[in-house]
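*Asks:* Have a look at the structure that comes next, please.
The values are calculated or read from the model by the stated rules, or taken from the named source; none is laboratory data. Note that the coordinates shown come from a computational prediction; the quantities given were computed from them, not determined experimentally. Glycine gets a Cβ as well: all are built from the backbone with ideal geometry, and neighbour counts include every protein chain shown. Protein only, heavy atoms only, side chains kept; ligands, DNA and RNA dropped before computing areas. Shrake-Rupley method; radii C 1.70, N 1.55, O 1.52, S 1.80 Å.
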Amino acid sequence: MSTVIAFIVIFGALVFFHELGHFVFAKRAGILCREFAIGFGPKVFSHKKGETTYTIRLLPIGGFVRMAGEDPEMIEIKPGYRVGLVFDENNFASKIIINNKEKYPDARIVEVEKADIEKELFISGYEEGEEEELKVFPLRRDAVLVEGGVETQIAPYDRQFAAKTLGQRTMAIFAGPMMNFILAFIVFIILALIQGVPVNDPVLGKLTPEGSAFKAGLKEGDTVLAIDGSEISSWSDVVDIIRNSPGKNLEFSIDRDGKQLEIPVTPEVKKIEDEKMGIIGVFSPVEKSALKSFTYGFEETYNWTKEIFSMLGKLLTGQFSIDALSGPVGIYVSTDTVAKSGVIYLMHWAAILSINLGIMNLLPFPALDGGRLMFFGIEALRGKPIDRHKEGMVHFIGFALLMLLMLVVTWNDIQRFFL
């Protein structure tokens, strides 16, 4: 159960911050955001605040921000329709009732002659009970359409995604992956503030009670001067000698409070795949510093970003097969393993996953953020956008292929871990 909770919290946080990036920059651009959703599928929880509905959906495999203008907006009000209009104190229509008009006794019934609910914001027509006189009814910018009891706010064109500048649209899409990198950066800083920043001094950090170093009498804070007569100048030197000496007795020359001691230590043998290496149960020395924690956060984010791109390069060049990929099931299993090591390791794992999510979304593949950014790049070169319907079809096909890949990867994970 603890693993399930850890998985939900981590994955939920990664998706939340990703979508928060889209949401914040879309709002800054003045785009009407209809829904902020975590998950896909049927709604489990829904709450509307302001003009946005916040939802949690059944399948926790992603999320989305539904921006006005990205999908077919709403019902088209055609000539000949009979609609009910509810007006505010300034005589602007605040509600447009499509059906069940009897539930709104204050509504004035109008037979539509013409309607524009995007640009000029009006409905013209003939009001029921009045003489045959064509009237023009202005609409509020935040008027709502009511159909089947469900209210949907209209979106004036200047509040739609497509109406914004190329830079504003680009930033609204790029902000999602960007937030994943920022989240990882912040988590690494927090970890550094909690446990300190690793330094390369030849000083022993914390010792594990079951390790050979502790059993031999070494202590935290001991400075290593030499090992088997080889002079030591950095922590890297200590690690290299220990790793290359599994099961071999080593003579440690150390400085403890100004006294030089000679302590023999035999590294335990640890086998990784077909390779043996030595360990003595000592962590690297650390230093607690706000400035170094900031630097550490940047360096870790950069190093993991570079490492993940390197792995992607190997996948594209055939050095890894698709069987090496993991989906939600593989992430769950890895989370279970990491969770057993404690909260600190779990936070480090979450930061790595956040970078992974950011990079994956930046890949120039249709339906991903990177795919949309690719279309924006083409628009910048052409000087005009690609036809929305053609772009939408490309993204739809891309989404279908992604879902197929997700099924394949999930099935591979199930076979690898459970069958």
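*Asks:* Working only within segment 64-84, note down all residues that are buried (at least 16 other Cβ atoms within 10 Å of the Cβ) and not in a strand (DSSP E or B).
*Replies:* ALA68, GLY69, GLU70, GLU73, MET74, ILE77, TYR81
Listed here are the residues, each with its yes/no results for (1) in contact (Cβ under 8 Å) with a residue 12 or more places away in the chain; (2) within 22 Å of the chain's Cα centre (by Cα); (3) within 30 Å of VAL343 (Cα to Cα); (4) not in a loop (DSSP other than H, G, I, E, B).
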position: GLY41; (1), (2), (3), (4): yes, yes, no, yes
position: ILE56; (1), (2), (3), (4): yes, yes, yes, yes
position: GLY62; (1), (2), (3), (4): yes, yes, yes, yes
position: VAL86; (1), (2), (3), (4): yes, no, no, yes
position: SER94; (1), (2), (3), (4): yes, no, no, yes
position: LYS114; (1), (2), (3), (4): yes, no, no, yes
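*Asks:* Something else now. Which of the residues that make up segment 138-154 are closer than 14 Å to ILE77 by Cβ and not in a strand (DSSP E or B)?
*Replies:* Step one: filter segment 138-154 for residues closer than 14 Å to ILE77 by Cβ, giving 139, 143-147, 152, 154.
Within segment 138-154, just ILE154 meets the criteria.
*Asks:* Continuing with this model, one more query. Pick out the one residue from GLY371, GLY342 that is over 23 Å from ASN412 (Cα atoms), over 12 Å from the mean Cα position of the chain (by Cα) and crowded, with 20+ Cβ neighbours inside 10 Å. Outline the logic, then answer.
*Replies:* Details: GLY342 fails: crowded, with 20+ Cβ neighbours inside 10 Å.
From the options GLY371, GLY342, the qualifying one is GLY371.
Each row is one residue, and each column tells you yes or no for (1) of a type in the set (A, V, I, L, M, F, W, C); (2) touching a residue at least 60 places away in the same chain (Cβ under 8 Å); (3) closer than 30 Å to ILE242 by Cα.
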residue: LEU139; (1), (2), (3): yes, no, no
residue: ALA143; (1), (2), (3): yes, no, no
residue: ALA155; (1), (2), (3): yes, yes, no
residue: ASP158; (1), (2), (3): no, yes, no
residue: PHE161; (1), (2), (3): yes, yes, no
residue: PHE174; (1), (2), (3): yes, yes, no
residue: ILE189; (1), (2), (3): yes, yes, yes
residue: LYS215; (1), (2), (3): no, no, yes
residue: GLY229; (1), (2), (3): no, no, yes
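*Asks:* Kindly indicate the residue of segment 261-317 that is out of contact with any strand residue (DSSP E or B) (no Cβ under 6 Å at 6 or more places or on another chain) and of a type in the set (Lys, Arg) and also farthest from ASN200 (Cα to Cα) among those meeting that condition.
*Replies:* LYS314
*Asks:* Here's a check for you: in segment 164-178, which residue that is of a type in the set (A, V, I, L, M, F, W, C) and open to solvent by 40 Å² or more (accessible area, probe 1.4 Å) is farthest from GLY69 (Cα to Cα)? Show your work before the answer.
*Replies:* So in segment 164-178, the residues of a type in the set (A, V, I, L, M, F, W, C) come out as 166, 171-175, 178.
Restricting the remaining residues to those that are open to solvent by 40 Å² or more (accessible area, probe 1.4 Å) gives 166, 171, 174, 178.
Details: LEU166: 15, MET171: 17, PHE174: 18, MET178: 23 Å.
The qualifying residue farthest from GLY69 (Cα to Cα) is MET178.
*Asks:* Given the conditions (1) open to solvent by less than 60 Å² (accessible area, probe 1.4 Å); (2) out of contact with any helix residue (DSSP H, G or I) (no Cβ under 9 Å at 6 or more places or on another chain), and given that ASN90 satisfies all but one, which numbered condition is not satisfied?
*Replies:* The one condition ASN90 does not meet is (1).
*Asks:* Could we say that GLU147 is in contact (Cβ under 8 Å) with a residue 40 or more places away in the chain, open to solvent by 80 Å² or more (accessible area, probe 1.4 Å), farther than 27 Å from MET347 by Cβ and in contact with a strand residue (DSSP E or B) (Cβ under 9 Å, 6 or more places away or on another chain) here? So that I can check it myself, show each step before the final result.
*Replies:* On the way: in contact (Cβ under 8 Å) with a residue 40 or more places away in the chain: yes; open to solvent by 80 Å² or more (accessible area, probe 1.4 Å): yes; farther than 27 Å from MET347 by Cβ: yes; in contact with a strand residue (DSSP E or B) (Cβ under 9 Å, 6 or more places away or on another chain): yes.
Judged against the criteria, GLU147 is a match.
Table: residues versus (1) at pLDDT below 85; (2) surrounded by 15 or more Cβ atoms within 10 Å (Cβ to Cβ); (3) of a type in the set (D, E, K, R); (4) under 19 Å from PHE40 (Cβ atoms).
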site: PHE375; (1), (2), (3), (4): no, yes, no, no
site: GLU379; (1), (2), (3), (4): no, yes, yes, no
site: GLY383; (1), (2), (3), (4): no, no, no, no
site: ARG388; (1), (2), (3), (4): yes, no, yes, no
site: MET393; (1), (2), (3), (4): no, no, no, no
site: GLY398; (1), (2), (3), (4): no, yes, no, yes
site: LEU405; (1), (2), (3), (4): yes, no, no, yes
site: VAL409; (1), (2), (3), (4): yes, yes, no, yes
site: PHE417; (1), (2), (3), (4): yes, no, no, no
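*Asks:* Which ranges mark the strands (runs of 3 or more DSSP E) fully within segment 195-305 that have 2 or more residues being closer than 30 Å to ILE352 by Cα and open to solvent by 20 Å² or more (accessible area, probe 1.4 Å)? Steps first, please.
*Replies:* Details: elements: 223-227, 250-256, 259-265, 268-272, 275-279.
Those strands (runs of 3 or more DSSP E) span 268-272, 275-279.
*Asks:* Residue check, ILE308 against (1) surrounded by 11 or more Cβ atoms within 10 Å (Cβ to Cβ); (2) touching a residue at least 24 places away in the same chain (Cβ under 8 Å); (3) more than 27 Å from the chain's Cα centre (by Cα), all met but one. Which one?
*Replies:* (3)
*Asks:* Among the residues of segment 93-115, how many are open to solvent by less than 40 Å² (accessible area, probe 1.4 Å) and on the phi > 0 side of the Ramachandran plot?
*Replies:* Final tally of qualifying residues: 0.
*Asks:* Related question: Hey, among ILE254, ILE280, ILE242, which residue is touching a residue at least 12 places away in the same chain (Cβ under 8 Å), in contact with a helix residue (DSSP H, G or I) (Cβ under 6 Å, 6 or more places away or on another chain) and closer than 18 Å to ALA226 by Cβ?
*Replies:* On the way: ILE254 fails: in contact with a helix residue (DSSP H, G or I) (Cβ under 6 Å, 6 or more places away or on another chain); ILE242 fails: in contact with a helix residue (DSSP H, G or I) (Cβ under 6 Å, 6 or more places away or on another chain).
Going through ILE254, ILE280, ILE242 in turn, the sole match is ILE280.
*Asks:* List the helices (runs of 4 or more DSSP H) that sit entirely inside segment 319-414 and contain at least 1 residues that are under 30 Å from THR165 (Cα atoms). Talk me through it step by step, then tell me what you get.
*Replies:* Details: elements: 328-339, 343-362, 369-382.
The qualifying helices (runs of 4 or more DSSP H) are 343-362, 369-382.
*Asks:* Looking at (1) more than 18 Å from SER284 (Cα to Cα); (2) touching a Leu at 6+ places or on another chain (Cβ under 9 Å), find the lone condition where ASP255 falls short.
*Replies:* (1)
*Asks:* So ASP106 ticks every box in (1) under 31 Å from the mean Cα position of the chain (by Cα); (2) not in a strand (DSSP E or B) but one. Which box is left unticked?
*Replies:* (1)
*Asks:* Hey, another quick one. Please list, ordered by first then second residue, the pairs with beta carbon atoms under 6 Å, 6 or more apart or interchain, first in segment 117-137 and part of a loop (DSSP other than H, G, I, E, B), second surrounded by 10 or more Cβ atoms within 10 Å (Cβ to Cβ) and of a type in the set (Phe, Trp, Tyr).
*Replies:* Here the result reads GLU118/TYR157; LYS119/TYR157, each pair linking segment 117-137 to a residue that is surrounded by 10 or more Cβ atoms within 10 Å (Cβ to Cβ) and of a type in the set (Phe, Trp, Tyr).
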